[in-house]
Amino acid sequence: MSRLLSNRFKVPSLRKSADSEYLATILVLLGVWIFLIVISVINRSDFLSRATFGAITFNMCIIGVLAIGQGFVVISGGILDLSITVSMLISSFMTVVFYELGWNTPALIIGSILCAGAFGLFNSILVVWLKINPLIVTLATGFAGGGVLLIVFDRKLVDPKSWIADFGTSYLFRFPTAWWPMALLTIGAHFFFKYSRFGRHFLAVGGNPLSAKAMGISLKRMRVSTFVGAALIGGIAGIIFAGFTPEIRPNAGTYYMLPVIAAVVLAGFSLAGGRGSFLALFVSVGFLSTIPTALVFFGLKSIWETFIQGFILIIAVSIDAYRIVKARGR
Amino acid sequence: MATNPTQLASHDHKLSKFEMIKKSLSGPGGTIVIGLALIIGTSAIWVGKMTFTSFNLYLVLGYLAIPLIIGIFASFSLLAGVVDLSIGAMVALSAVVFAYLCTGNVNEWLAAAITILVCLGFGAINGVAIVVFGANPIAATLGMLVGLRGLARIISQMRPGTGSSQDAISLMITGLNNFTEAQISFMPVLFIIALLLVFVTQGIISFTRGGRHVRAVGGDIVAARRAGLATERIKFFSLLASAFGASIGGMLYVGKLGGAPVTLGTNMEFTIYAALMIGGYSILRGGVGNPMGGFLGLLIIAVFANLVDNKGLDTRAADIFVGFLLLIIVFLDIRRGGDAFE
Amino acid sequence: MSLKKSMAIKTVAIFSAFALIIPTTNATAAPKFKLCVALGGIPGILGALGTSGDPIAKAGAKARGWDYYEVSNKLDAPTAVKNADLIVQQKCSALIQFNGRPEVNPTIAKKLAKAKIPVITYDIAQPGWYFLGIDNLGAGKAGGAALGKLIKEKWNCQPDLVLESHGYGAGIVDSMRTGGMVDGLKSVCPDIDKSKFKAFEGNGEIAVSQPAARDILAANPTAKKIAVVGLNDAGVVGPLLAARQLGSDYEAMGWGQDGNLIAGDKVDPDLKGSVLYFLEGYSAYAFEVLDAIAKKQAPKMRDGAVNPAVLVKPCPVSAAQAQNIPIDKVRIKKLAKDPSKTLYSIYCPK
C-alpha cells in the first residue's frame, strides 16, 4: 500500500517506454489466451464452434463494459470504484421504469445512463468537496446504495417482447449486439487516452497529481469527470444487463464486482494510477471470459471457475510486480 | 485517527478534569462514544428496559465477539500497511475445512490444527505475492478472496456421502458450541476473551518494540527501512496474523452456528474494514489506528443493529447506516486534520 | 472549538435526560399473543420469504389483536442464528420462519425449543417445527411430467439435452424440486439417455444460470433441442435465454418451479409453464395453526414434508393459463385485504 502512495511522487515514465511495456503485457496476455484456446482444441476438437464463440462473446459483454469503467477510474488515480455495480443497477432499473413510462429508445438510453451518472456525481462530490478518499467513498456508497436499491425497487421485470430483450439476444455483424458497446468503448478509450489532450490529462493526474496540478490541470474537474465518467459507463453496462436479465434484482452486482476488478488488475493497470492499456484490458476480459467455457470442455464443474480465476490473478500480479521491480533495478 | 493515544496522554496533565473529558470527547474516539451514547439513549427510550437486560448484552456482545477476534488480527495487517481483503473468504474456508475434517472422523483438536495450518499456508501465499514479489496488496488479496471462495465451495461439495447434491454442512460439536455460548454472569466468555485480546493487542501496539515496528513499517516504510527494521518480515507476519485470526473465527463460527455454510463471511472483508475504519484505522495507509478504536467501531455498528432488531425495523437500514456512518466519521477526521484526499 | 464544546455538553445533557425518562416508559400491559416472523431475505420475492416484510402475517395478526414482530434472516447463517436469540428475547408466542441456510436449523431449533416457542417453517422441514409448504418432491414431479408431455408431443421424447439448473445452496429443497422434475420427466419419457442430463449450479438466479448454461451449450454444440428444469423459475429462464442468445437454430422449452416468473404479461416465451406456489401468500395458511396455538390447543406435531402441518396446494399452470393471473405485487395486496382466503382459492385456474 505504501508503494501505492510513494509511486505518485515519481516522474511518470516516458510515453514511448510505456507503450512498449503495454505491448509486452498485451502480447503475454494474448499468448496465454491463445494457449488456453489451443489446449482446449487439443482436448476437444469441437471447441472451435459457433456456440463456443457465442458463449465467450456473451460472457464478455457486461464484464467488459464495467471493466472499462473501472479501468478509467484506476488509470486516473481514483484507486477503485467499489460502487460501479450500483451505477449499473440504477441504470438497469431506470431502463425498465422508463420503458414502462413509454419513453422512446434514445431518450430511454440517455435517461438511464444519466441516472447512473447522477450517482457518480454524488460519489465525486464526496471525493472532491469533502476530500474523502475514493476507495472509502465508493465502499460506503456501494453499501448504502445496495440497501437503497433493495428498498426502492426490490425487483423489476423486463418485458420479453420489448426491444430491450431483443437487444440481449440479437446479433450484429456476426457478434452479439451487446458485445459492440464494449468493443467501441475499448477503441474509444484507447484513442482518448493516447491522443486526446483531455485524455492525457487523466493520465497525468493519475500518474502524478502534484505535477499535474503544477501544470495547471484542475484536479477537481478531473476527479468529477472520472467518477461521473465511470458511472456513465456503468450505466451503459446497466442497459446490457437489463437486456440479459428479465428479472433484475438488486443483489446481482455481487456477481460482477470481483471479476471486473480482476480483469483490470490482470490487464496490468497500476492501482497507483497513470498506467494501463485498454487494449490489454480487452484481451484480459477475453481471456477471463474464455476460462469458464473451457472448463466445461475439460469436464470440470463451473465451481472451479472462481478458484482458478483467483489464483491466476495472484500469479499475474506477482509476476507483473516482479517485472517492474526488476526493470527499475536495472 | 491522526492523533495517537500517547500524544493525547502527554498533554493531559496540563488540563483540568472537565477539559480532559471535553478534549477526549472531541477526539476521534469521542465521536464514537458520543454516537454510542446517543444510540443507547435512543434505545433506552424507544425499546425500554430490554436494552439493559443481560440477555440483550449477550445478543450484542456474544455475536460481536467472533468478528472482533477476526478484526483484531486483521488490524495487524492494516497497521503494517498491507490490507488483506481475503479474510472473509478465509473464514469460510476455515469453517468448511474444519467441518469437512470433523465429519470425516478426524479428532477435533487435530482438525483445528490442520485448519490453522491450511489457512496460514494461504496467508503465506499472500505474503509471498505481496512481500517477495511486491504485488499490490489489494490486487493480490482480492485474487485470494476469489480463489478461496471457490475452494470452499469445491471442498464443501467434495464430501463423501452427499455426492454433489448439497454444499451445506450441518455439524454440531457440543464442546465447542458450549464454549461459544458460555457466559460468566452476564458477560459472554467469548466476548471476554475477545476483549482481553483487544487489551493485549493494544498493549503490544502501544508499548512493545514489536508494536512500534509494525506501526513504523505501515507509517513510513522508507524511514523504517533506513532505521534498519526488517520491514519485509513484519509485513509477512502481519499477513499471517490476519489469516490466523480468520481461521480461528471460522472454527468458532462452526461451533456457534452448528454448521459450516459456504457463504459464511460474505462481504465480511468490507463490513469489518468499514468498522475498523470507523474506529480509526485506514485501509489506505498503515501506521494509524488502535485496537480500542477498532473495538468501538465494531461496537457502534452492533449496537445500532441491535436497536433496529429490537424495534423490528427494516433490517436493510443497517447497511445504509454503516455506509453513512463511515462517510461521516472519515469526514470528521479530515476536518480534524486527518488524511484528506488531495 | 466552541461549537464542539457546546455539542459535547448538550450530548451529556441529553444522555442524562434519557436516564430520567426510562423508568416512566416501562409500564407493561398483560402479555398479549405475539406473532413473530423471521423473513427469508430472498431478493425479488414478496412475503415471508422475501426482503420487504410480510403484509399477510401482519394483517392477520392485526385482525386478531396480536402483537407483531419481524426480522430478516437475510440468507445469512450467523444472522439467522442471532435472530433465534432475538425471538427468544422478544418473548414471541409463535414464530414463522424461512431460513435459506438450513444447515444451521438444528441450532436454531435448539434455542427456540429451550424457550418453548413453537415454530412454523416454510418449505424447509426441521424436526419439531410445523411444516407449512409445498410438497417439494410432488411439485417437482408434477412440473417434470408436464414438461415431459410437451417433449413427447413436440420432440417424440428425444431432446438433445436436458439442463438441470440446480441451486445447491438450498440443500434438500433443491434435490427434491430439481431431482423431482427429472423423475417426473422420466415418468413420461423413460428412454432419455442418462448422458443427456447435464446438472450445473444456477443458484436460482438468472445472472448465474444464464452464463453457466451458455457454456454447457457450447460444450455440446450439436444439441439443439434443449429441455430445461430447475429449482425455480429464475433458474430455468436463465438457460432458456442462453439458448436464444446462442442462435435461432436452438429450440428450448422449460418448466419452472415456484411460479415467480410465470404470471402476468412479462413471461419468457420459452417458459412453457410453472408450478405456482403463491409464495407471497404462505402466511394465509399459517393462521390455521397459529389460531390453535393461541387457544393453547397446539395441534399435533407434523414436521415432515411428507406429513405436513399445512400442505400448500401447488398450482401447476401452463403459460397460457398464467396469462390471466396477475403478478405477485397485485396478488399480495388483494390477499392482505382479506387474509382469510388463500391465493390458491382466488387465482388458481380450475
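Each Lys and Arg adds +1 at its Cβ and each Asp and Glu adds -1 at its Cβ; summed about the Cα centre, the stretch C:136-276 shows a dipole of about 320 debye. For peptide A:239-249, the mean count of partner chain Cβ atoms within 10 Å of a residue's Cβ comes to 5.
Taking every pair of alpha-carbon atoms in the stretch C:209-266, give the share separated by more than 13 Å as a whole percent. Distances greater than 13 Å cover 57 percent of the Cα pairs. Fewest first, what order do A:19, C:123 take by the number of other Cβ atoms within 10 Å? Starting with the residue having the fewest Cβ neighbours, the order is A:19, C:123.
A straight line joining the Cα centroids of the stretch A:219-291 and the stretch B:221-266 runs 29 Å. Convex hull volume of the C-alpha atoms in the stretch B:171-290, normalised per residue: 126 Å³. Given springs between every Cα pair under 10 Å in a Gaussian network model of chain B, which of B:222, B:303, B:83 has the largest fluctuation? The residue with the greatest mean-square fluctuation here is B:222. Hydrodynamic estimate: the Kirkwood radius of the stretch C:136-276 over Cα pairs, inserted into Stokes-Einstein at 25 °C and 0.890 mPa s, corresponds to D of 173 µm²/s. Taking 1.567 mPa s as the viscosity and 4 °C as the temperature, the Stokes-Einstein diffusion coefficient of chain C based on its alpha-carbon Kirkwood radius rounds to 59 µm²/s. In terms of distances greater than 29 angstrom between alpha carbons, the cross-link table entries C:186/C:313; C:272/C:300; C:141/C:266; C:32/C:114; A:194/A:220 yield C:272/C:300. Against chain C, whose longest principal axis comes from its Cα atoms, helix C:172-188 is set at around 30 degrees. Between 0 and 90 degrees, the angle of helix C:233-246 with respect to the longest Cα principal axis of chain C falls at about 40 degrees. Packing, as the average of other Cβ atoms within 10 Å across residues, places the peptides B:176-184, A:309-317 in the order A:309-317, B:176-184, highest first. A dipole drawn for the protein assembly as shown from +1 and -1 charges on Cβ atoms has a positive end, and of B:321, A:163, C:79 the residue lying farthest that way is B:321. Ordering A:74, C:299, A:312 by the projection of their Cα atoms onto the charge dipole of the protein assembly as shown, which places +1 on the Cβ of Lys and Arg and -1 on the Cβ of Asp and Glu, puts A:74 at the extreme positive end. Ranked for footprinting exposure by Cβ neighbours inside 10 Å, fewest first, C:187, B:282, A:284 give C:187, B:282, A:284.
Membrane-span-like helices in chain A (whole DSSP H runs, Cα extent of at least 27 Å along the helix axis, mean Kyte-Doolittle hydropathy of at least -1.0): A:15-43, A:50-75, A:105-128, A:219-244, A:278-297, A:304-329.
Pairs of Cα atoms nearer than 8 Å and 6+ residues apart set the relative contact order; for chain B it is 32 percent.
Across peptide B:126-136, the average count of Cβ atoms from other chains found within 10 Å of a residue's Cβ is 6.
Per residue, the convex hull spanned by the Cα atoms of the stretch A:184-330 amounts to 148 cubic angstrom. Converting phi to 3J(HN,Hα) with the Karplus coefficients 6.51, -1.76 and 1.60 and the offset θ = phi - 60°, the stretch B:101-117 yields 5, 5, 5, x, 6, 8, 4, 4, 5, 5, 4, 4, 4, 4, 4, 4, 4 Hz in sequence order, with x at every glycine or proline. Looking at the protein assembly as shown alone, DSSP beta bridges between its own residues are antiparallel in about 25 percent of cases. One way to sum up the overall shape of the protein assembly as shown is the equivalent ellipsoid from its Cα gyration tensor, whose semi-axes run 43, 39, 26 Å, largest first.
Candidates C:318, C:199, C:61 compared by Cα position along the dipole of chain C: farthest toward the positive end lies C:61, with charges placed on Cβ. The trypsin sites (Lys or Arg not before Pro) of the stretch A:169-278 that DSSP puts in a loop, and whose beta carbon has at most 16 other beta carbons within 10 Å, are A:174.
Estimated from helical segments only, the mean residue ellipticity of chain C at 222 nm is -13500 deg cm²/dmol, where each DSSP H run of four or more residues counts as -39500 (n - 2.57).
Using only the C-alpha atoms, the convex hull of the stretch B:60-210 corresponds to 139 Å³ per residue.
Dipole size of the stretch A:100-222 about its Cα centre, with +1 on Lys/Arg Cβ and -1 on Asp/Glu Cβ: approximately 620 debye, rounded to the nearest 20. For a test of the definition: using alpha carbon positions, the gyration tensor, and the 1.5 limit on a/c, classify the stretch B:222-324 as rounded, prolate or oblate. Taking the square roots of the gyration eigenvalues as a ≥ b ≥ c, the stretch B:222-324 is oblate.
In terms of Cα atoms, the Rg and Dmax of the stretch B:5-335 work out to 20.4, 70 Å. Counting only Cβ charges, +1 for Lys and Arg and -1 for Asp and Glu, the dipole size of the protein assembly as shown around its Cα centre is about 2240 debye. A helix-only calculation puts chain A at -25000 deg cm²/dmol for mean residue ellipticity at 222 nm, using -39500 (n - 2.57) for each DSSP H run of at least four residues, averaged over all residues. Here chain A is treated as a sphere whose radius is the Kirkwood value from Cα pairs; by Stokes-Einstein at 37 °C and 0.692 mPa s it diffuses with a coefficient of 161 µm²/s. The mean count of C-beta atoms from other chains within 10 Å of the C-beta of residues in C:32-41, rounded to a whole number, is 1. Calculate the tail of P(r) for the stretch C:259-350: the fraction of all Cα-Cα distances greater than 22 Å, expressed in %. The proportion of pairs with Cα distances above 22 Å equals 36 percent.
Every number in this text was worked out from the coordinates using simple rules, so none of it is lab data. Worth saying up front: this structure is predicted, and the values here are computed from it rather than measured. Neighbour counts run over all protein chains shown; Cβ positions are idealised from the backbone, glycine included.
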